[in-house]
1. For q = 0.11, 0.14, 0.16, 0.18 Å⁻¹, what log10 I(q)/I(0) does the range 497-637 give under the Debye formula with an equal point scatterer on each alpha carbon and no solvent?
2. If you line up the long axis of helix 365-381 against the longest principal axis of the chain, both from Cα atoms, how many degrees apart are they, to the nearest 10?
3. Can you give me the Cα centroid spacing of the range 155-175 and the range 411-435 in angstrom?
4. What is the calculated FRET efficiency for residue 641 to residue 190, with r their C-beta to C-beta distance and R₀ = 41 Å, to the nearest 0.05?
5. Taking the radius of gyration and the Kirkwood hydrodynamic radius from Cα positions alone, what is the Rg/Rh ratio for the chain, to two decimal places?
6. Once you keep just the Cα pairs under 8 angstrom separated by 6 or more residues, what percentage relative contact order results for the range 59-305?
7. Order of 140, 332, 579, 50 from fewest to most other C-beta atoms within 10 Å?
8. Taking only Cα atoms, what is the 0 to 90° angle, nearest 10, from helix 512-529's long axis to the longest principal axis of the chain?
């Protein structure tokens, strides 16, 4: 019995990930280059973090992965579309077996309506790529997450099941709308083999996507579409015999994630995550399968893969991957990694604000440096939530923007999950945008349904001047208003004003978040299918452009915690966003890092306490509910027993 409701997407949105579990022992039916249990090497002298060894998939290994997946599909009398990517999202192959369907279906909303991308038909190849990217992007040397893991953490209740109604939403609620094809951060196929690459459907929560490992190092992902429905699993209490998942798992033989770091060895809020419902003993003996003997063909995917040959992956951490160690001139802390253009140039160097004239005193380069350095130091001391072994250091990406949404610097730890790069920038921009005096006017100037969310928010808060800069919004505060129940999880309550009502809600239609990028997704879907020769612009949302550049939200918004706006006294000057570990860790690194930077150099810091969104009180029936601003872990550091480290700041 499947027990799985699949609710899919459109060519440009998908479902996401963050933490899921994988049961079972490694496969013994083939593969000499297995996922491995090799521990990471010790950090270089003077460093706090280990650097992942330079491992990558060869073109021959990509062929083996495809052949193994296809062998399992044949054994199950199925025809699959199979995609393989490297760790930074370069598509190394898309393969269609004879008879594989060219399209998959996106289910409608619970009430049968088709808002946003619900109810659409999407390319199977796009779905397979999104699943492969999700497996690769959500994983690291300390955690292995699948698309089933992603499903576990993005739904309206956590854990998702018929018996858990009344619990809060998943910790990465909304992350599916990241890595979007319109993102100004994500690279495109035309950029060459440089990452991180975009995804045609964002992140996927449809089971059938896994990370691939060599010697304990994540080197890519595999994604499969065979059952014709692109969705998610609403009930984690049963075990599904999922066709896509079985085929994809067979592809990982010899490239399995180490057992100790699979999602089912990781907990969130005391709940073990899920990696897979299919165990290795349940798949056939695929050892010896060869690509040359596999029936089917490589297929081109416009904007992603030429279809001419199997490709080799880039080794993460090298210039060719688009992510490498920072030089001393780029960032003072030795452990930092940065994004690069493939020719040695840092894509997002630390710099001062570009918004002179918009604010009295923009952030200076020295202030931007201090904010990023202090946040990095907090991360380096923090205990990780989603990594094994226990008491590992947190690993994240940190992004800083000015009030125009322009990037003032992006730095990351060596082995932070890739998904956090785009998400940290979304978070920084979201906190800045909703805290600014410009937010309401720019949303009202946008077409489609977007302006209606402004009026809904103002009515909900009883504040006709909401979103004009009176309050500072963190992503945690904005997320409170973006859930299908308010307060979050309380069944029977009305939806938050930035969300869909529960009967219209699904991970494919969240509310303002999805409405802002609907046009981009539709345009990109037409491009991928060949219906249009024009791709979506490099810059998301229909918001007005700013100062001759993209909008302030050029890679979309994010609605789960991990960001705060940056202030100079009472004036907004930017936003900082953090992503890659637990949401409380992300909150702490942004909030405490910004505070410490202000203490260090003066003049900048967190929003004044009387302006923070936790001063907003909403009347819910006979009671009052206060929004939240940040939530820091109780005793978060590895080097001290200090508790309540954010209290009073």
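1. So the normalised log intensities are -0.61, -0.92, -1.10, -1.23.
2. 60 degrees
3. Taking the Cα centre of each part, the range 155-175 and the range 411-435 sit 23 Å apart.
4. Values: r = 52 Å, r/R0 = 1.26.
So the FRET efficiency works out to roughly 0.20.
5. On the way: Rg = 22.6 Å, Rh = 23.9 Å.
We get a ratio of 0.95 for the chain.
6. Working: 614 pairs, mean separation 71.0, N = 247.
RCO, the range 59-305: 29 percent.
7. Working: 140 29, 332 13, 579 36, 50 21.
Placing the least packed residue first, the sequence is 332, 50, 140, 579.
8. Its long axis makes an angle of about 40 degrees.
No value in this document is a laboratory result; all are computed from the given coordinates. This is a predicted model, so every value here is computed, not measured. Neighbour counts run over all protein chains shown; Cβ positions are idealised from the backbone, glycine included.
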